[in-house]
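Data block below; observations after.
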Amino acid sequence: MSTLLVSLSVSSSRLAAQDISFAARDREATHLDFRYQVMEVETGPEMDGDLSDPVWAGAEVIGSFTQQDPAYGRPPTEQTEVRVIRDGESLYIGVYLRDSDPEAITRNILRFRDDSVWQKDDVVRIMLDTFHDHRRGYVFSINPLATKQDSYVDNGVWNPDWDEVWDVRTRLLEDGWSAEMQIPFRILRFPLGGEGTWGFNVIRSLKRRNESSSWAPIPQGFSMTRNEFHGHLDGLGEIVPQRNLQFIPYSALGWTRTTGTDSVTKGDVGGDVKYVVSSAMTLDLTYNTNFAQVEVDEEQVNLTRFSLRFPEKREFFLENAQLFKFGVENDAEMFFSRRIGLENRAPVPILGGGRMTAKFGAFDLGVLSTQTDRVGETPGTNLSASRLRWNFGQRSYVGGILTSVQSSAKRNQVVGPDALIWLGRNLKWEGFLAAEDDRDQAEKHYSYSTGLNYTTDLLGINVRTLSVEEEFEPALGFVPRDDMRRHSAFVRKGFRLNKPWSRRINFFNRFSYLTSQQNILETREWGMGFNNQLESGDHIRFEFERNLESLPEDEPFEINPRKGIVIPPGSYGFKRAEISFWGFDGRAIVPNLEFEKGEFFSGTLQRLELGGVWRASPHLLLEGEYELNDISLKEGDFKTHLWLGRVSVPITARMTVDSFLQWNSLDDTFNTQLRFHLLYGRDSNLFVVFTDAARDLDDGRRGRDQALQAKLTYRFYQ
């Protein structure tokens, strides 16, 4: 093995220089030099993490990497070697990651798949731009314990919820670690009969030094999702796509008990189908959809007048979710998949649904349709969305969306265009216009937004206008606040000091001015501060705010329903300061602290957040968070407490026990979830989940909901 892995080939030295000043060279001249010729073999290597397999011997070696952080353009502190080969069915990538201190290799996460592994461990990451259009791509990440993450990038939007079946093996060595990956062509989409060149890059993260490096250089301040900075992988022009048809049936058995009702035991069956119709089209179907394995929502303390947004966690709706994004996240989203199958955070049975995503030349198309069952007085409902984008230029597009919610009691549709136009490498304009048509409203209602964003490593400027008319309520979207116009601006100026007390510091200033549609001031926010990243990877942040909040005459704010505390209409000025410390996530012990103090409506507020993670070993993870809000108002005083706690025990990479406990004193809810997960075969699953939720009922009694559910899936391939 030593003779195979010690020396670099002559061709690899031609592929990259060890000291590059990217700012002085344009992308075309630089990245065309980063080319790698894939070697074709009869049979791929044995997948065991050992790169001494003779099949690797003839492959060229990528051996010269370039730092992105902290010292852009310099060689990395540790050497990485990469080889790529292929047979008729798969792409194989072998990586040898040398380390002068192998005992210090960061390896905390032991799971079959974990979407946060990049933030926590040493990782090697493979980027494949299979259409070679600098817009989309696949990302495969591995840590030294063979924990993997597979993701999809679309126009710079990161989607970690693309999950497919591919293989990886790793080995810890005396002078580092090695990894072998097998990526079947059938899980990828790519053009047929093309030029045989894909975009390609390899990125290494060395956590203890907070260092990242890559084969094709990525400038500081740019994300690895920017595919235009990748190199090129040649020799892929005669691949014959394999059929990718997957059938994933499930069987489930559940027991539930709710206060005031008898316990119920029920069995269920259903399943999903994934069919890659062609290299440019994928069809997903679901029947009698069951999400028993999904983790419960994290509790949040809501001290505002508006609804909180809870993230989507259900696998079927997460995959390809980036294509359906339309609007301004958290403020005016035309498609929000949590509207499907959930009513006031309570599940509604989904009878079935389908999703088709396709690429036709310069066009991206997505169609999603689901049907829910009748529950009590809520009728069965069809919820559908269609999305179209025309791509042009490097990363620009013009598109549109249509959403529809139809039932015997409701008809609501939203339609409109949007656009993202890149005016340069660092400057983009984006905007949308949406019209809502509801059967119960006499007139159509509209929302629109337009904004400019300029971003470089050390300078960022963002300005935006958002308008939401009164009664604009997309039934398949998320709009927490209607009847508003908001003008906002954000400016960031950074300095790279590369000192122990500051690797990089950003000073920022933000401003927001919000009125009603009648131009009556309701909210004004101004804040300034800094965020300092230490050489250790820890962050210290400080912000001072001066805000104004006006409550309309007919809208008093009941901030604490349990105590009946109501803030009367009027104008209130706030001055507040906040300081935060966030520990570097690459350590075994990670502390976090936030403290805020200042004015709040008619009184004062003090907020304290304490959190931490202890990765005692790859087989034990402890995580906790506590939030205290101490509020003193003329209308009354109260405190809120929020406790969150997690214990994770990965018995093996394929068998894990997780527990999650949380208590929110504002509405006095206490939730517990205990989940056992066994992964067997090729991505088939067994889940056993127990949940227990205690809450106050409308009649003043204490209620309790309990459930024990087992779910078994099996994945068939053809």
*Could you please give the count of residues in region 80-123 that are within 28 Å of the chain's Cα centre (by Cα), small (G, A, S), more than 28 Å from W582 (Cβ to Cβ) and open to solvent by 10 Å² or more (accessible area, probe 1.4 Å)?*
0
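Any residue at all in region 104-114 that's touching a Lys or Arg at 6+ places or on another chain (Cβ under 9 Å), polar (S, T, N, Q) and outside any loop (DSSP other than H, G, I, E, B)?
Restricting attention to region 104-114, the residues satisfying the condition of being touching a Lys or Arg at 6+ places or on another chain (Cβ under 9 Å) are 104-106, 108-109, 111-114.
Subsequent filtering for residues that are polar (S, T, N, Q) retains 106, 108.
Filter once more, keeping what is outside any loop (DSSP other than H, G, I, E, B): none.
Within region 104-114, not a single residue is touching a Lys or Arg at 6+ places or on another chain (Cβ under 9 Å), polar (S, T, N, Q) and outside any loop (DSSP other than H, G, I, E, B).
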*Quickly run through region 480-501 and pick out the residues that are at positive phi and either basic (K, R) or assigned to a strand (DSSP E or B) (or both).*
N498
*Could you run through region 523-544 and say how many residues are within 21 Å of R486 (Cα to Cα) and either within 25 Å of the chain's Cα centre (by Cα) or open to solvent by less than 30 Å² (accessible area, probe 1.4 Å) (or both)?*
2
_When you check N330 against the structure, is it open to solvent by 60 Å² or more (accessible area, probe 1.4 Å) and touching a Lys or Arg at 6+ places or on another chain (Cβ under 6 Å), yes or no?_
yes
*Residues that are in contact with a Gly (Cβ under 9 Å, 6 or more places away or on another chain), farther than 26 Å from G353 by Cα and part of a strand (DSSP E or B), drawn from region 253-277*: T258, V264
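Give me the residue from region 444-479 that is in a loop (DSSP other than H, G, I, E, B) and within 15 Å of V405 (Cβ to Cβ) and, out of that set, most open to solvent (accessible area, probe 1.4 Å). Don't jump to the end; show me each part of the working.
First, the residues of region 444-479 that are in a loop (DSSP other than H, G, I, E, B): 444, 456-458, 469-477, 479.
Keeping just the survivors that are within 15 Å of V405 (Cβ to Cβ) gives 472-477, 479.
On the way: F472: 2, E473: 108, P474: 10, A475: 25, L476: 1, G477: 0, V479: 31 Å².
Top of the filtered list is E473.
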*Would a scan of region 148-156 turn up a residue that is open to solvent by 10 Å² or more (accessible area, probe 1.4 Å) and assigned to a loop (DSSP other than H, G, I, E, B)?*
yes
*Those residues that are under 30 Å from F190 (Cβ atoms) and out of contact with any helix residue (DSSP H, G or I) (no Cβ under 7 Å at 6 or more places or on another chain), I need them from region 285-312; list them, please.*
L285, Y287
*Could you please give the count of residues in region 592-631 that are polar (S, T, N, Q) and open to solvent by 40 Å² or more (accessible area, probe 1.4 Å)?*
4
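Please pick out the residue among Q394, Q413 that is in a strand (DSSP E or B) and open to solvent by 20 Å² or more (accessible area, probe 1.4 Å). Lay out the reasoning, then the answer.
Details: Q394 fails: in a strand (DSSP E or B).
Testing whether each residue is in a strand (DSSP E or B) and open to solvent by 20 Å² or more (accessible area, probe 1.4 Å) leaves just Q413.
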*From D667, D692, D705, grab the single residue that is surrounded by 14 or more Cβ atoms within 10 Å (Cβ to Cβ), under 29 Å from T259 (Cβ atoms) and out of contact with any strand residue (DSSP E or B) (no Cβ under 6 Å at 6 or more places or on another chain).*
D667
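Residue by residue, here is whether (1) touching a residue at least 12 places away in the same chain (Cβ under 8 Å); (2) touching a strand residue (DSSP E or B) at 6+ places or on another chain (Cβ under 6 Å); (3) among the hydroxyl-bearing types (S, T, Y) holds:
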| position | (1), (2), (3) |
| --- | --- |
| L593 | yes, yes, no |
| E609 | yes, yes, no |
| G612 | yes, yes, no |
| A616 | yes, no, no |
| Y626 | yes, yes, yes |
| D630 | yes, yes, no |
| T640 | yes, yes, yes |
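For region 124-144, name all the residues that are open to solvent by 20 Å² or more (accessible area, probe 1.4 Å) and either within 23 Å of L678 (Cβ to Cβ) or touching a Ser or Thr at 6+ places or on another chain (Cβ under 6 Å) (or both).
Going residue by residue through region 124-144, those that are open to solvent by 20 Å² or more (accessible area, probe 1.4 Å) are 131-134.
The answer is H132, and nothing else.
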*Which of the residues that make up region 289-309 are in contact (Cβ under 8 Å) with a residue 60 or more places away in the chain, closer than 19 Å to Q673 by Cβ and of a type in the set (A, V, I, L, M, F, W, C)?*
A292, V296
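If you take the residues in region 334-389 that are in a loop (DSSP other than H, G, I, E, B) and of a type in the set (K, R), which one is surrounded by the most Cβ atoms within 10 Å (Cβ to Cβ)? Walk me through it before giving the result.
First, pick out the residues of region 334-389 that are in a loop (DSSP other than H, G, I, E, B): 334-336, 340-341, 344-345, 348-349, 361-362, 373-374, 376-377, 379-381.
Narrowing further to those that are of a type in the set (K, R): 345, 374.
Values: R345: 9, R374: 14.
Among residues in region 334-389 that are in a loop (DSSP other than H, G, I, E, B) and of a type in the set (K, R), the one surrounded by the most Cβ atoms within 10 Å (Cβ to Cβ) is R374.
From the list S369, S407, which one is under 28 Å from F310 (Cβ atoms) and under 26 Å from the mean Cα position of the chain (by Cα)?
Values: S407 fails: under 26 Å from the mean Cα position of the chain (by Cα).
Just a single option satisfies the conditions, and that option is S369.
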*What residue, among those in region 555-591 that are under 20 Å from W643 (Cβ atoms) and open to solvent by less than 20 Å² (accessible area, probe 1.4 Å), is farthest from the chain's Cα centre (by Cα)?*
N560
*asked:* Please determine whether any residue of region 494-507 is within 25 Å of the chain's Cα centre (by Cα) and open to solvent by 50 Å² or more (accessible area, probe 1.4 Å).
replied: no
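Filter the strands (runs of 3 or more DSSP E) completely within region 652-718 down to those with at least 3 residues that are of a type in the set (K, R).
Working: elements: 655-664, 669-680, 684-696, 702-713.
Counting at least 3 such residues, we get 702-713.
The values are calculated or read from the model by the stated rules, or taken from the named source; none is laboratory data. Here the structure is a predicted model, which is why all the values come from computation and not from measurement. Heads up, the Cβs are rebuilt from the backbone with ideal geometry, glycines too, and the neighbour counts pull from every protein chain shown. Protein only, heavy atoms only, side chains kept; ligands, DNA and RNA dropped before computing areas. Shrake-Rupley method; radii C 1.70, N 1.55, O 1.52, S 1.80 Å.
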